[in-house]
Amino acid sequence: MRLSTNPNNELKRTALFNEHKKLNAKIVPFAGYEMPLKYSTPEAEHLAVRNSAGVFDVSHMGEIFVKGKDALNFVNYLLTNKITTVKRATYTTMCNKNAGIVDDLLVYTIDDEEYLLVVNASNIEKDYKWIQNLAKEYGFNGSIINESLEYSQIAIQGPKSSEFMEKAFGTDLKNQLSEIKFFRYAYINIDKTNYLISRTGYTGEFGYEIYGKSNMDKIFAKLVSVGVVPCGLASRDSLRLEASLPLYGNDLDNETSPLEAGLDFVVKLDKENFVGKDILLTQKNNTNKKLIGFKIKTDERKPIPRHGYKIMDSEQNEIGTVSSGGFSYLLQEPIAMAYIKNNNFENINVDIRNKLYPIEILELPFIKKNK
Amino acid sequence: MSIPSELNYTKDHEWIKIDGETATVGVTEHAVNELGDIVFIEFPEPGTELEAGDSIGVIESTKAVSDIFAPISGIVEEINTPLQDAPEDLASDPYGESWLLKIKTTAKPEDVMTAEEYKKYIEEEA
């Protein structure tokens, strides 16, 4: 991919861009931003997160605030999961009327009347318009504000995340962090600035996500200086795949429902009416396709099953499609996820460049998560 | 960056060396660096007839699938079978032990560059 040298081009840069340049990151365009793909090698960065700690610039993600007297009811109408006034983060999908996924996102309950939706970078504009349209339909009179350009976000992930946060910012901070339970958050002060820090992440490891509007480049730099390995988009993808976390665009899209994607736990069918509920009710225990994990059954070297490759049954009928695939550095072999129509998984194959490779269905997640 | 002067090079970052009626083909060090971790190599079958420019196989790294192109017409004589079981070895000796295939041919390679020209070519590509 070409490094952008045109100062007038349309690609944005996060507030941490200069840090990536200092570290000689390979920069590539992603979701309208110039983002670091890797700093050293994807494998080294991946294994650093599994064994030590890595730090990611995820400032390209979107932050949309929904505020108002009726905000709680409105977000529950918008989203499939149940949002409450408990101050925590909730993972959920946002569906259209056909129960297709518009986006998958985190919702932070900031206050009874204020909710922060953290959405995928590639969907920011789409989600913002969607929420505004639905607000009109619903009759929501509060405010919907897209603050994506104001916020930066950093993720520190790995078993030694706490240790490194202490090394960088002190024992007092570390003690505050240890109070934050899984999927909870707190406002924490670092050098006179407040940051929202949650125990969340996209790698399957213990760690934190940090949201802030200023000095985020200094936080990133400080973490790197005490030994946290800077990690780019390549390792972010291989890590989330190993943890079987879905990626919008690959595993999730507007023709796929959360029940088909195995995201039953974010669909609360006993909730009052929400967008997509009626279709989802018909899909309960009755989906047309199902997301499964697999690997290729052979002792020899194997190719990687990639997005779009077909799954065939023993009679050469197409029964599915690969949604995500890659190389697992922990398992040292290719792993993939696919949507399959059947329930019969005997003698099925993946077609890779017109050659059929027998596959073995694996239980998800591919690796045990240590969050 | 090594670019041996006795070899010829193609725009697709392959090298070719002719010895009598045998052309040995491999990929350059530059290609290996760009590819990243190599996990799989698809070779053509020995005995396959090739036309120059045909896509005859694939080198797959964790990030992408790259075609191997026939730099010359002929018949596949031999493939580097040990590489099939250890594709990562491609990175260690791309001009020597990790050649890809040998083609039986009497043709002359067309559209190839000298080491000097290839060096310029990759500098311009960057």
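The values are calculated or read from the model by the stated rules, or taken from the named source; none is laboratory data. It should be emphasised that the depicted structure is a prediction, and the values quoted were computed from it without experimental measurement. Neighbour counts run over all protein chains shown; Cβ positions are idealised from the backbone, glycine included.
When the range A:296-314 is examined, which residues are found to be over 22 Å from the mean Cα position of the chain (by Cα), assigned to a loop (DSSP other than H, G, I, E, B) and either modelled with pLDDT under 95 or charged (D, E, K, R) (or both)?
A:Lys297, A:Thr298, A:Asp299, A:Glu300, A:Arg301, A:Lys302, A:Asp313, A:Ser314
Just the residues that are more than 14 Å from chain A (Cβ to nearest Cβ) and in contact with a Lys or Arg (Cβ under 9 Å, 6 or more places away or on another chain), please, taken from the range B:20-44.
Selection gives B:Glu21, B:Thr22, B:Ala23, B:Thr24, B:Val25, B:Gly26.
Of all residues in the range B:27-65, which are under 22 Å from A:Glu300 (Cβ atoms) and among the small types (Gly, Ala, Ser)?
B:Gly36, B:Gly47, B:Gly57, B:Ser61, B:Ala64
Inspect the range A:315-323 for any residue being at pLDDT below 95, more than 25 Å from B:Val58 (Cβ to Cβ) and either buried (at least 19 other Cβ atoms within 10 Å of the Cβ) or not aromatic (Phe, Trp, Tyr) (or both) and give the result as yes or no.
Checking the range A:315-323: at least one residue is at pLDDT below 95, more than 25 Å from B:Val58 (Cβ to Cβ) and either buried (at least 19 other Cβ atoms within 10 Å of the Cβ) or not aromatic (Phe, Trp, Tyr) (or both).
Return only the number of the condition from (1) surrounded by fewer than 21 Cβ atoms within 10 Å (Cβ to Cβ); (2) within 14 Å of chain B (Cβ to nearest Cβ) that A:Gly227 does not satisfy.
Result: A:Gly227 passes all but (2).
Any residue that is within 14 Å of another protein chain (Cβ to nearest Cβ) and hydroxyl-bearing (Ser, Thr, Tyr) - is there at least one of those in the range A:65-84?
Among the residues of the range A:65-84, not one is within 14 Å of another protein chain (Cβ to nearest Cβ) and hydroxyl-bearing (Ser, Thr, Tyr), which makes the answer no.
Given the residues B:Pro44, B:Pro71, B:Pro87, B:Pro82, which is the only one that is over 30 Å from A:His307 (Cβ atoms) and without any contact (Cβ under 8 Å) to a residue 60 or more places away in the chain?
B:Pro82
Can you list the strands (runs of 3 or more DSSP E) found entirely within the range A:98-182 that contain at least 2 residues being touching a Gly at 6+ places or on another chain (Cβ under 6 Å) and closer than 16 Å to A:Ile219 by Cβ?
Qualifying strands (runs of 3 or more DSSP E): A:152-157.
From B:Glu60, B:Glu78, grab the single residue that is more than 21 Å from B:Lys17 (Cβ to Cβ) and acidic (Asp, Glu).
B:Glu60
For the range A:41-60, what are the residues that are in contact (Cβ under 8 Å) with a residue 24 or more places away in the chain and within 14 Å of another protein chain (Cβ to nearest Cβ)?
Within the range A:41-60, A:Pro42, A:Glu43, A:Ala44, A:Glu45, A:His46, A:Leu47 meet the criteria.
Only one residue in A:Gly325, A:Gly293 is in a strand (DSSP E or B), within 26 Å of the chain's Cα centre (by Cα) and under 17 Å from A:Asn343 (Cβ atoms), so which one is that?
Selected residue: A:Gly293, the only one of A:Gly325, A:Gly293 that is in a strand (DSSP E or B), within 26 Å of the chain's Cα centre (by Cα) and under 17 Å from A:Asn343 (Cβ atoms).
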